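Reviewing the structure listed below.
The values are calculated or read from the model by the stated rules, or taken from the named source; none is laboratory data. Computed from a predicted structure; not experimentally measured. Cβ atoms come from the backbone with ideal geometry, glycine included; neighbour counts cover every protein chain shown.
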Amino acid sequence: MEKTEKRQRFEKVAGARVQKVLDTLQLLKNCSNRNNYEYTASDVNQMFSEISKAVKGAQAAYVSELNKANKKGFTFK
């Protein structure tokens, strides 16, 4: 089965953006070195709370769009 233009564009754009997120998380992980940086447990909790909210928000947007496609509304049988 041949991929549609929208599917190809999604794979290209979303794939590149996911890789950017992963690369940036690796850079953030590098900041965990206590020899180079000073931080508290509160700092860590605050950072990852915000990251979690952003991830949940992004996921909710996808789920919402998928649910729109699955809603059919009322029809007589």
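Out of the residues in segment 1-25 meeting the condition of being surrounded by fewer than 10 Cβ atoms within 10 Å (Cβ to Cβ) and outside any helix (DSSP H, G or I), tell me which one is modelled with the lowest pLDDT. Per the criteria, the residue is Met1.
Considering segment 29-77 alone, what residues qualify as being among the charged types (D, E, K, R) and part of a loop (DSSP other than H, G, I, E, B)? Step through it out loud before you land on a result.
Of the residues in segment 29-77, the ones among the charged types (D, E, K, R) are 29, 34, 38, 43, 50, 53, 56, 65, 68, 71-72, 77.
Across segment 29-77, the qualifying residues are Arg34, Glu38, Lys71, Lys72, Lys77.
When Lys77 is tested against (1) under 21 Å from the mean Cα position of the chain (by Cα); (2) surrounded by fewer than 10 Cβ atoms within 10 Å (Cβ to Cβ), just one condition goes unmet, and that condition is (1).
Taking the condition surrounded by fewer than 10 Cβ atoms within 10 Å (Cβ to Cβ), out of contact with any Cys (no Cβ under 7 Å at 6 or more places or on another chain) and at pLDDT below 95, does Asn70 pass? So Asn70 fits the description; yes.
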